[in-house]
Amino acid sequence: MNIFTEIPTNGGNWKTKYGDVWKKQVELVKAKFGAAIEEVRMPGEYPTDVPTIIVKKAQIAELLSFLKTDGECAYNFLADITATDEQAEPRFEVVYNLCALSSSARIRVKCRVAEGEEVPTATTVWKGADWAEREVYDMYGIRFHAHPNMRRILMDYRWEGYPLRKDYPLDGYQLFPDSEPPDPERLK
Amino acid sequence: MSELYREADPSQPNDRYMVTPDPDDLWEDSRVIINLGPTHPAMHGALRMVAKINGENIEKSYCEFGYTHRAKEKLGEQRTYHQFVVFTDRLNYCSALINNVTYSMSVEKLMGIQPPERAVWIRMACCELARITDHLICVGIGAVDIGAFSYFLYGFHQREEAYTLIEKLCGARLTTSYTRIGGLMYDAPEGWETELKAWVKKTRAVVAEMDVLLTNNRIFVDRTRGIGPADKEMCLEYSLSGPIARAAGIDRDLRRDQPYMYYDQLKFDVATGTEGDVYERYLVRMEEIRQSLNLLDQIADRIKPGPIWVDDKRVRIPSKVDVYNSMEAMIHHFKFFMRGFEVPAGEAYTTTEASNGELGFYIVSKGATMSHRMRIRGPSFWHYQALSDMSEGQKIADMVATLGSINIIAGELDR
C-alpha cells in the first residue's frame, strides 16, 4: 500500500478523470519545448499524484506562461511555489504546483538549481509569485532573476543562514533588538 | 508650501522617513509614512503595514509579517508523521480541525490508506463545524473592526457552543489534534449527532438574527460597499481562493470541483458574488455558514456506527488493553512512539477547501519516518499579499475593514 493505491475519498479518481488529458498536455509541452524538458514523471509510473514536468531552469518562466495561457492546458491558478533540498548535485529543486480552474486538473513543474544559481522569476507570469519566491529565497537562498524585491520575508533582514537547508542546525538563535525601520524606498 | 517645511537632513535619524516634497503639489507636505503594527490593536495577530498616507488616504503601502514564525516546515522534517499532527492545530487556530483533517489526508494519500466510513463522516462534520466557527469569528470580528460590537457577541456565543461539541469529541476546544493517520483518536460519544443537530437548529436561528441585525444595516452597508475590492483578474494574479475569490465571481469550491471525502453525496450550493468587496465577502461567508449548517444536518444523518480507525498495523496505535497484556503489542506501542512509522517514498500535494481557501500540504517522502519536505500552503499567505493592492487609494479605516474581511490568521501566514 502506497501512493499507487487509489483512495476513493481522497482523489482516487484522478487518474481515470484526467489521465488522457494529462497525456495530451504532456505531449504538447514536449513538442513545444523539446530538449528543454529534462524529464516527465507520470502518476502510476512514478510515486506522484499528478504529472511532474522537470524543465531546464532557463525555460521555467516560458513553460509556466505556456501552461497558463495555452487553451489545452489552462493552468491559470498558481497554487504554490516551494523548493526542496535534494542533498545531491544539483542541490535544489524549485517546485511549482499549478491548478486549472476550469477542469480542476493539477500539474507540477520543477526545475533543478545548483547552489548559487539564479532562477528566472515567475512574477512576470503571476504577480502573486512575488512573496512565494521571496520565501524560497529566505528559506533556501535560491535567488530569482529579475524579481522586483528579492529580500527576506519571514526571517529578520539581518538573519544569517537559510533555515530550510538540510545542513542548517535545529538549535541556536539570533537576537535582534528592533524590527526593520520603515523603508521610504519601497513606498515610491 | 508650508512654512514649516525644511530639507531632509540625513544626519537626523527621523528625517529618513521624510518624503522629499514636490513644490508643485499643494498637498505634498501632508504626506506621512505611518507604521501600523505589529502590535496595533486593529491588526489581527502580529502583522505590520507601512503606509504612505496623504491625509487619511493610503497612497502606497507594503506589508510585513513573520513575527510568529515557528518554523513548522522545518519541524515537519524533524518530527515523525504522528508527532506532526499537533503542529497542524496551530496553523489556522480558528479552524484547527480542518488542518488536522487535511494533514491526515495528505499522509494517507502517500500511504494508500482508506480511512473507515464512520471516520470520514465524522471528519466531514468536524470540517463543517470548524468552517462555521471560523466564519462566525471572521464576520464578527470584521464587524467589531468597524464598530458593531454587539453583533459579534451573538456569533461568539454559538461559537462557544460549537467548541463544547468539539470538546466532546476530543477533550480540547482550540488545539484539537483530533485526527490520526488512518482515522480518529476518539470516537464521537453516544448521542453526539443528536446534540449536533440541536446545535444546528439553534445556530440557524442565531444566524437569521445576525442577518437581520447587520446585512441591511445602512451604516454597515455604506461602510463596506466598494471597499477593498478584488476582481476576478486580481484573484487569479494573486492566487486568491475561498470566500474572497467566490465573492469576486470565481465559482470555485474544492468540495464540489475536486470532490474529496463524501462531499459528492451531499447537496449544497456554492455562494458567489460579483463585486468582490468587503460587503460581498461578508455575504458569501454568511451564506457559507447556512450551507454548512445544511451540510451538518445531512452529515449527522449519515454517521453510522462502525470502526473509526483503519485496521492497519503501520498507523494504528495498539489499544491500552493489548499494550498491558501482550508483549507484541507493548513492543508495537514502543516502536510506534519512539521510532514512528515509515511512509513509502513519493510526493503528493493534497488540498482541501478550508474556511479561508485552498489549504494544501505538499509532502515529499523518501521512505523515512519523517518527511523530506513538509510544505504548508496556507491561504492567508496569498491573501495577505494582495492587501496592499486592495487598500491602495482607500482610507486607513477601510484598510482595517478589508483586513478583517480577508481573515488573515497569523498562525497560518507565518507557519
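In segment A:145-168, the residues that are within 20 Å of B:R373 (Cβ to Cβ) reach residues that are surrounded by 12 or more Cβ atoms within 10 Å (Cβ to Cβ) and among the small types (G, A, S) with C-beta atoms within less than 8 angstrom, at least six apart or across chains, in these pairs: A:I153/B:G66; A:L154/B:G66; A:M155/B:G66; A:Y162/A:G141; A:P163/B:A71; A:L164/A:A83; A:R165/A:G141; A:Y168/A:G161.
Yes/no matrix, rows are residues, columns are (1) under 22 Å from B:I113 (Cβ atoms); (2) at pLDDT below 90; (3) more than 20 Å from the chain's Cα centre (by Cα):
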site: B:D269; (1), (2), (3): no, no, yes
site: B:G276; (1), (2), (3): no, yes, no
site: B:L283; (1), (2), (3): no, no, no
site: B:E287; (1), (2), (3): no, no, no
site: B:R290; (1), (2), (3): no, no, no
site: B:W309; (1), (2), (3): yes, no, yes
site: B:R314; (1), (2), (3): yes, yes, yes
site: B:S326; (1), (2), (3): no, no, yes
site: B:M330; (1), (2), (3): no, no, yes
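Among the conditions (1) of a type in the set (S, T, N, Q); (2) surrounded by 24 or more Cβ atoms within 10 Å (Cβ to Cβ); (3) under 25 Å from A:T48 (Cα atoms), the only one that B:T369 does not satisfy is (2). Among the numbered conditions (1) more than 22 Å from A:Y75 (Cα to Cα); (2) in a loop (DSSP other than H, G, I, E, B); (3) within 10 Å of chain B (Cβ to nearest Cβ); (4) modelled with pLDDT of 90 or more, the only one that A:M139 does not meet is (2).
Within segment B:330-380, the set of residues being under 23 Å from A:M139 (Cβ atoms), without any contact (Cβ under 8 Å) to a residue 40 or more places away in the chain, small (G, A, S) and at the interface with chain A (Cβ under 10 Å from one of its Cβ atoms) comprises B:A345 only.
Scanning segment B:275-304 for residues that are open to solvent by 30 Å² or more (accessible area, probe 1.4 Å) and in contact with a helix residue (DSSP H, G or I) (Cβ under 7 Å, 6 or more places away or on another chain) returns B:R290, B:D297, B:R302, B:K304.
Determine which member of the set A:T69, A:T52, A:T48 is open to solvent by 50 Å² or more (accessible area, probe 1.4 Å), among the polar types (S, T, N, Q) and within 30 Å of B:G378 (Cβ to Cβ). Give the derivation first.
Numbers: A:T52 fails: open to solvent by 50 Å² or more (accessible area, probe 1.4 Å); A:T48 fails: open to solvent by 50 Å² or more (accessible area, probe 1.4 Å).
Going through A:T69, A:T52, A:T48 in turn, just one is open to solvent by 50 Å² or more (accessible area, probe 1.4 Å), among the polar types (S, T, N, Q) and within 30 Å of B:G378 (Cβ to Cβ): A:T69.
Residues that are more than 9 Å from every other protein chain (Cβ to nearest Cβ), under 29 Å from A:A58 (Cβ atoms) and of a type in the set (K, R) within segment A:142-188 comprise A:R143, A:R151, A:R165, listed in sequence order. Only one of B:T203, B:T133 is in a helix (DSSP H, G or I), among the polar types (S, T, N, Q), in the same structural domain as B:T351 (by TED's automatic domain parsing) and farther than 30 Å from A:G128 by Cα. Can you tell me which? After applying the criteria, what remains is B:T203. Looking for something outside any loop (DSSP other than H, G, I, E, B) and facing another protein chain (nearest Cβ under 10 Å) - is there at least one such residue anywhere in segment A:115-130? The answer is yes; a qualifying residue exists. Do you know which residues across segment A:115-128 are open to solvent by less than 20 Å² (accessible area, probe 1.4 Å) and under 19 Å from A:K56 (Cα atoms)? Those that are open to solvent by less than 20 Å² (accessible area, probe 1.4 Å) and under 19 Å from A:K56 (Cα atoms): A:V119, A:T121, A:A122, A:V125. Taking residues in segment B:188-211 that are open to solvent by 60 Å² or more (accessible area, probe 1.4 Å), and partners anywhere that are at pLDDT 90 or above and part of a helix (DSSP H, G or I), the pairs with Cβ atoms closer than 7 Å and at least 6 places apart or on different chains are B:E195/B:L165; B:K197/B:D297; B:K197/B:A300; B:R204/B:L293.
The set of residues from segment A:135-188 being at positive phi and open to solvent by 40 Å² or more (accessible area, probe 1.4 Å) comprises A:A146, A:G172.
So, in segment B:232-251, how many residues would count as being part of a loop (DSSP other than H, G, I, E, B), open to solvent by 10 Å² or more (accessible area, probe 1.4 Å) and closer than 21 Å to A:A122 by Cβ?
Number of matching residues: 2.
Figure legend. Inter-residue proximity from segment A:117-144: first residues of a type in the set (K, R), second residues open to solvent by less than 10 Å² (accessible area, probe 1.4 Å), beta-carbon distance below 8 Å, spacing 6+ or different chains. Indicated pairs: A:R143/A:V119.
Being charged (D, E, K, R), facing chain A (nearest Cβ under 10 Å) and more than 27 Å from B:D398 (Cβ to Cβ): is that true of B:D269 here?
no
With respect to the conditions (1) out of contact with any helix residue (DSSP H, G or I) (no Cβ under 6 Å at 6 or more places or on another chain); (2) within 21 Å of B:D134 (Cβ to Cβ); (3) open to solvent by 20 Å² or more (accessible area, probe 1.4 Å); (4) not basic (K, R), B:Q258 falls short on a single one, namely (3).
The values are calculated or read from the model by the stated rules, or taken from the named source; none is laboratory data. The structure displayed is predicted, hence computed values, not measured ones. No Cβ is skipped: glycine too gets one built from the backbone with ideal geometry, and neighbour counts run over all protein chains shown. Calculation scope for accessible area: heavy atoms of the full protein, side chains included, ligands and nucleic acids excluded. Shrake-Rupley method; radii C 1.70, N 1.55, O 1.52, S 1.80 Å.
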